[in-house]
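The values are calculated or read from the model by the stated rules, or taken from the named source; none is laboratory data. Worth saying up front: this structure is predicted, and the values here are computed from it rather than measured. Neighbour counts are summed over all protein chains in view; Cβ atoms, including those assigned to glycine, are modelled from backbone coordinates with ideal geometry. SASA here: full protein model, heavy atoms, side chains in, ligands and nucleic acids out. Shrake-Rupley method; radii C 1.70, N 1.55, O 1.52, S 1.80 Å.
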Amino acid sequence: MIEIVRQISAQNQMLIREHLAETIGPHLRPDPSNYAKGRMSCWVEAEWLLNKKCLAPAIPMPNRLRTYLNKLGIPFDLGLITHGPVGINWHRDDSYAQFTAYSINLSTVDYEWGYQAQYPGFEYSRDRNDNAPQTVYRIPPGAIIKFNCKNPHAALGSDPDRWSINLWRLRPRYRAQFDEVLPF
């Protein structure tokens with residue numbers, strides 16, 4: 001299941017993009033994922049180290065962005081902010097993440113976003129269907145989508161100046177580790 005929960009105004013999209021370029025831009029580095037070659041990324045609050053299956057320190061979420069996301073009612077513990085001409089190929093989010101996640105498309109054009117609804121809702125289900133069809137959606141600029149990140153998904157579009165904000169809540173077993181690495 002994928003759901004557009006909110007649409008950010010064009011003016012706010014521009015302001016957010018400028019804010020990200022100023023606050024996150026200097027921290028961007030090539031994404032280490034084999035699924036996202038050519039994309040730049042920066043973790044906020046904590047970074048998930050896929051090869052070590054643990055959390056590590058990351059930069060704090062910029063206060064202005066945190067305040068805005070809280071006003072929108074998006075629950076999160078950590079995030080990944082990305083920039084660049086490519087998205088990410090089909091994948092599932094790893095064990096750190098709860099099932100429900102959010103992605104904010106700050107592209108300048110409609111963006112193709114792939115999703116395979118193997119789990120029918122936003123949580124674990126015994127009704128998992130590994131043969132569910134892969135569907136490609138056109139996500140408009142400024143769309144905030146809610147999705148089950150344990151379902152295969154992908155950012156398939158192309159936009160040379162695309163920003164994306166991806167947000168997760170941690171699974172409870174990672175809470176103590178998160179508290180240890182959370183930036184002050």
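Inside region 110-129, can you point out the residues that are of a type in the set (D, E, K, R), open to solvent by 90 Å² or more (accessible area, probe 1.4 Å) and touching a residue at least 12 places away in the same chain (Cβ under 8 Å)?
Within region 110-129, just Glu123 meets the criteria.
Restricting to region 50-85, and then to whatever is under 25 Å from Tyr35 (Cβ atoms) and charged (D, E, K, R), can you tell me which residue is least open to solvent (accessible area, probe 1.4 Å)?
The extreme case among them is Asp77.
Just to be sure before I move on: is Trp43 in a strand (DSSP E or B), open to solvent by less than 40 Å² (accessible area, probe 1.4 Å) and within 21 Å of Ala154 (Cβ to Cβ) in the structure I sent?
yes
Within region 50-60, how many residues are touching a strand residue (DSSP E or B) at 6+ places or on another chain (Cβ under 9 Å) and either at pLDDT below 95 or within 18 Å of Pro75 (Cα to Cα) (or both)?
Within region 50-60, residues that are touching a strand residue (DSSP E or B) at 6+ places or on another chain (Cβ under 9 Å) and either at pLDDT below 95 or within 18 Å of Pro75 (Cα to Cα) (or both) number 1.
Residue check, Cys149 against (1) open to solvent by less than 30 Å² (accessible area, probe 1.4 Å); (2) more than 18 Å from Met1 (Cβ to Cβ); (3) of a type outside the set (Lys, Arg); (4) free of Cβ contacts under 8 Å to residues at least 60 places away in the same chain, all met but one. Which one?
For Cys149, the exception is condition (2).
For the list (1) under 13 Å from the mean Cα position of the chain (by Cα); (2) aliphatic (A, V, I, L, M); (3) open to solvent by less than 20 Å² (accessible area, probe 1.4 Å), I need the number of the one condition that Ile88 fails.
(3)
What is the one condition in (1) open to solvent by less than 70 Å² (accessible area, probe 1.4 Å); (2) touching a residue at least 40 places away in the same chain (Cβ under 8 Å); (3) over 21 Å from Trp43 (Cβ atoms) that Ala132 does not satisfy?
(2)
Looking only at region 164-174, decide whether some residue is loosely packed, with under 15 Cβ neighbours inside 10 Å and in a helix (DSSP H, G or I).
Looking for residues that are loosely packed, with under 15 Cβ neighbours inside 10 Å and in a helix (DSSP H, G or I), one finds at least one in region 164-174, hence yes.
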